[in-house]
Every structure is written in C-alpha cells, then in structure tokens.
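The structure under discussion appears below in the form of structure tokens.
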Amino acid sequence: MSAPRTAPTLLGSAARILDLSLGQMLWSRRSIFLGLLLGGPVLLAIALRVVDTLYRSGFQINGARAGGAAIFGMMIWLLYIRFIVPVLGVFYGTSLIADEVDDKTITYLFTRPIPRSAVLLGKYLAYVVCTTLLVLPSVMLVFFLVVSTGGGSVAAAFPSLLRDFAMLAIGLAAYGAVFALVGTRIKRPLIVGLVFAFGWEPAVLLFPGYLKRLTVAYYMQALVTHEMPQDSAVSLLMQVFREVPSVATSLLALAVITGVTLWLAGRAVEHKEYVLEQ
Amino acid sequence: MMTRTRYFVVASLLVLGVGVGTGLVAYYVGFPAGAFTRGDGPDELRYIPRDAMVVAYADVADVMASEVRQKLHKAIPFQENGQREFQNQTGINIETDIDHLVACLNPDPSTNNKPGVGMVIARGRFDEVKIEALMREHGAHVEDYKGKRLVVSDVGDHPTSFALSFMEPGLVAVGNTNLVRTAVDLHQGGDNPQSGLASVTRNEELMTIVKSLETGNVWAVGRFDALASRAKLPQGFAERLPAITWFSVSGHVNGGLRGVIRAEARDEEAANNLRDVVRGFMALGKLQAGSNPQVQLMLQSLELGGKDKTVALSFVVPAEVFDAVTTMIPKHLPEKPQIEKQPGH
C-alpha cells in the first residue's frame, strides 16, 4: 500500500516551475534579442578600449579626456538603468503568463496539482535568475574593459561595481514583478508595459510633485552611486527636479513594490478565467 | 534542468566569480601595474611615487642616434674613453644599452634640509651580475625585498641612502632606497590608494602636463613652488621669484634642438608679469647677439606664447649652432686623468 500523496508546497512547486521555465526562457527566440541587448554595451566597451589603446589622447568628451570610471557610470545610467533593465522587465515580465496563454499551453500547467500562483512565482523566479545571470556578467565585462581606461583604477571603482550589481538585481526584480502584474491583468500587456517604462516613468520624473513616487525608476535612481549624465535637455531637467529618497526608503519601497505587485499578480492568476482562443 | 542550461548557469556564475574575485584582489592587494591600464606617458611612471616634485624623461636611444649627438660625439673625443670606462665598471653601454629612462625627485620625509631624494628607472639591456658585483665590490650589500634583490649601498650617515633593483629583466631602478622600495611595491602591487600606495599617474595635474609633453624625446615637469620652498634660497631672492606653480621643459633632439619651456603661474597677473620679464630678457639677448648669425637665428626662433595662467617660450636651436660649437672645440683635448680605484670607495 503506498503512502497518501501530499500536495506540494507553493515554494516547492515554484522551484519545479523555475527549473522548467529557465531553460525555456534562455533558449527561446527572445534570447537573441536579449543577447543583442546585452552584447551591445560589451561591444561598445571593446570599441572604447581599442580607442584608448590606439590613441594616446584616449576617449574624449568636450575635448577633455574622460576617465574610465566616469564613462562606466555614464554607461550604467544610459544603457542599463534607463534602457536595458526596463526593457527586460517589460519583455519578460509581461510574457510570463501571456506566452503560455498565446501558446495555449497554460492548461497543462494549471491542471497540475499545484497552486496556480506557484506557476507565476516559478516563472518570475526563472526571469530573475535568467536576466540577472545575463546582465551582471555583461556589466562585469564592461567594467573591466572601461574602468581602467583614461587612468582609471579598478581597485578604486570596485566597491561601486558591487553596489551596481545589487541595484541592477533589485531593479530587475522590481520591474519584473510590476510587469508580471501587467501581464496577468491586462489584455495587451506589452504595449501597456512599454508605455509605462518609456512614457510614464521618464515623463513624471521630469516634473516636480509626488507622481514620481508611482514609478520604479524614482526609487532605483536613489541606489545609483554614479553621477547622473547631463547628456540632453531631458537629463538636465531630471537633474533639476531630481528628488533623491534615502537608500533605506528606496530599498523599502522597491521591496514593497515587488512584494505587492507579485502578490496581486498571484491573486489574478488564481482567480482569472483564461479563455483560450481557438 | 537541461544540460546546456546548466552549462550556461555555471559559465555565468564563473564569469561573475572571476570578476568579483579579481576586483577584490585589486581592492585589497592592488594589481601589478599595467595589468589593465595603459595611461599617458612612459610606462615607468607607474613606479614613481605620487608625491614626486619633478619627473623627467629621456629617450636615450633616440637622443644617442640623433644628428646632434653624432656631431658632438665626433667633436669631443674624450667621451669615448669615459663611456668605455663606465661600461667596464657597470656593464652598461649608454649608447646602445639604455632605451629610455624616467627620473624623479621626491620630498625626503626625514629632513627639510635637502631639496629631495631621487630615483632613476631605466629600461634597456643590463648585465645584472656585473652591476651587482661592482656595487658589492664598493661595499654594497644585498637585501631581499618582497622577493626582489635590492643592492643597498650605505653612504655616509644615511644607512639606506642608495639602492638598485632589477624589477624585471631590462628594467632597473636606481636611487634612494626608500624610493626604490616603493617602486618595487608599485611594480608588484600596482596602484592601491586604499593602502596609501599610489603612483604619480594618479596625480592628474602632473599627468595632464605630461600628456602635452609627449612629442619631445626629452622632457621634465615639476612643481616649482615645492622645489623653491625646499631649496633654502636667500630671503630676498626667494621673495622675488615669480609665482609659478608648475614648470615643464620639453625638447626634441634630432638635427637640432626644438623645445618649449612652459610655466604655470599662480594667477593671470603673475603670468603677465612673467611674460614681461621674459620679453625683457629676449630683447636683451637680441641686443647682445651682435653679428653672430647662428645666435641671431636662435634668438629669432624664440616665441613667447601661452594664455591665461600659462607662459610658454618655444625655441629652436638649429643644426648650424651645433656646427659652430663643434668647430670651436679643439680637436685634441687632453684625456681626463684616470682616477685610481680604491677598494671600499
């Protein structure tokens, strides 16, 4: 006589889904896009390195030689914080459940004897692992290629790299959770996600007021140790109206955003009736 | 988990692990100089301590091969003997063995009575055994410093005043023992400002000037005010010195000598005063030049420039001047008397 089967726990189920989804996420067509997205900064860093090696004057900004740490800081701001992290959040976060619905494979997952929210949680964790394991090595390569140019010191800049790692991982987690909620609740999540990441967030950050507190970028920017680049009028405005919450406030706010949106997304998955189009 | 997914995770974690490990080593221990960087100026600047008051560079190979040097070499025959003697004593043929050298003058923390302590770092081909044997013959002893042999010569009351170390094949540091030790530290550990070990390449002001001097095959740059304060100048004279912070001299030796002397004044007013003084000297020089065409040619090449706080005087010493100098030197100079070797000195 066999022992009665016990229902798997939420975390145990999520771990099984994570195992299953990580491979799917990594070796999908989206990975090509991800590779291009993260290979770009590395290629740019190689080009900067070559310029620095070939030309004595190195890489110059406004006629003055730019230090490696300053260039790295600029790349973190312009490429990773303002573009790569939100884009990854939008593309992967919104598709966690939506892809299964589109492929009509959601039924297979929901008919398993596991909580529905475990599917979302497992997929979300797979997203966090996948993007973190891709973004952080990319940043690492950029750091070593760029920081030592223009007389920069790896030793001096290293503590800021560790802070960047933490900030990017937290940012990916927060954006992923927000867009996971969008993906489970809204019909066309990708468009809404893009509008939120590249319309709403940059817009409200430009103006004074409390609306910027309804963004992820506001709290993420407080964790950045690099100087904000003043590359355009928009950046200049952002600098002028920049209110920086304390690190503790930002960490707490990002944790709350991640927890609440993930919980809401889990509830949506538990209660929503997914009708598969024939 | 699929095998390729597992490989990806392992590879990614490996990249992160290696990177973080390397960064931690750099942060706590420092990197061997040049591990990731190639800054401005000669690479040997990485071994010069940051507090250098004067840094100088000479591309010895280039200068030795120059027309000016060839002309002077022919005109001054006794040099050959001196050069041979130097080669016998040290195993170094200046003409062919040294490629380039970097020298520095740093403040001596133990005393204010000296302008500073110096060190020369030369790159070339050296007979290490012969040089060490010669120094030991003259009373030096060998110390081990972080795995490097340090040949220390005790001079006078200063027990560690002069040392030599081959930091790597073809790279020798000679000079004040403390400076040579710091050069070895910088060579092995690289810049590590956290531990208080930093090279002159961290001195942004100085490196900006070095960058502007790189067209010359000989140059020097220094902190004028620091030098003047340690030089024990007479009271009245020190007060009359122009308010200069940095000075630099750059020259290119080939057929002739082309160079620029540059001074960074404390403010624009001081720079204007300095320009007036230089103009006065230039006028005086032109008056004194008389009918000597070579000197007239040289004085005509003088050009006073610079803007804001910078005063620059460029000059050209044409090949004709060196021709004139060589004709003035008697063909058969008496040989220098040979100094008899005394053991222990």
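The values are calculated or read from the model by the stated rules, or taken from the named source; none is laboratory data. The model shown is predicted, which means the values in this text are computed figures rather than measured ones. A quick note on method: Cβ atoms are made from the backbone with ideal geometry, for glycine too, and the neighbour counts reach across all protein chains shown.
In contact with a Gly (Cβ under 9 Å, 6 or more places away or on another chain), at pLDDT below 85 and either within 14 Å of chain A (Cβ to nearest Cβ) or closer than 30 Å to A:PHE144 by Cβ (or both), is that true of B:ALA26?
When the stated conditions are applied, B:ALA26 passes them.
How many residues does the range B:109-122 contain that are of a type outside the set (A, V, I, L, M, F, W, C) and either buried (at least 19 other Cβ atoms within 10 Å of the Cβ) or assigned to a strand (DSSP E or B) (or both)? Show your work before the answer.
Of all residues in the range B:109-122, those of a type outside the set (A, V, I, L, M, F, W, C) come to B:109-116, B:118.
Keeping just the survivors that are either buried (at least 19 other Cβ atoms within 10 Å of the Cβ) or assigned to a strand (DSSP E or B) (or both) gives B:116, B:118.
Counting residues in the range B:109-122 that are of a type outside the set (A, V, I, L, M, F, W, C) and either buried (at least 19 other Cβ atoms within 10 Å of the Cβ) or assigned to a strand (DSSP E or B) (or both) gives 2.
For A:ALA233, state whether it is of a type in the set (A, V, I, L, M, F, W, C) and modelled with pLDDT of 85 or more. Spelling it out, it is not the case that A:ALA233 is of a type in the set (A, V, I, L, M, F, W, C) and modelled with pLDDT of 85 or more. Looking only at residues of the range B:47-85 that are at pLDDT below 85 and charged (D, E, K, R), we find that the one that is nearest to the chain's Cα centre (by Cα) is B:ASP62. The residues of the range B:272-324 that are in a strand (DSSP E or B) and either of a type in the set (Lys, Arg) or over 15 Å from B:GLY259 (Cβ atoms) (or both) amount to a single one, B:THR310. For the range B:174-208, a tally of residues being at pLDDT 80 or above, part of a helix (DSSP H, G or I) and away from every other protein chain (no Cβ under 13 Å) returns 10.
Out of the helices (runs of 4 or more DSSP H) lying entirely within the range A:103-205, which hold 1 or more residues that are within 14 Å of another protein chain (Cβ to nearest Cβ), farther than 30 Å from B:GLU204 by Cα and in contact (Cβ under 8 Å) with a residue 60 or more places away in the chain? Before you say what the answer is, go through the steps one by one.
Details: elements: A:106-110, A:116-146, A:154-185, A:189-195, A:201-205.
Answer list for the range A:103-205: A:116-146, A:154-185.
Tell me, yes or no, whether the range B:301-310 has at least one residue that is surrounded by 14 or more Cβ atoms within 10 Å (Cβ to Cβ), under 17 Å from B:LEU72 (Cβ atoms) and at pLDDT below 85. Within the range B:301-310 (the criterion being surrounded by 14 or more Cβ atoms within 10 Å (Cβ to Cβ), under 17 Å from B:LEU72 (Cβ atoms) and at pLDDT below 85), the answer is no, since none of the residues qualifies.
For A:VAL101, state whether it is surrounded by fewer than 23 Cβ atoms within 10 Å (Cβ to Cβ), at pLDDT 85 or above and not small (Gly, Ala, Ser). Judged against the criteria, A:VAL101 is not a match. The criterion of being of a type in the set (A, V, I, L, M, F, W, C) and in contact with a Leu (Cβ under 6 Å, 6 or more places away or on another chain) does not hold for A:ALA47.
So is A:ALA174 crowded, with 24+ Cβ neighbours inside 10 Å and closer than 19 Å to A:ILE81 by Cα or not? Answer is yes for this residue.
When A:ASP52 is tested against (1) over 14 Å from A:CYS130 (Cα atoms); (2) surrounded by 13 or more Cβ atoms within 10 Å (Cβ to Cβ); (3) modelled with pLDDT of 85 or more, exactly one condition is not met: (3).
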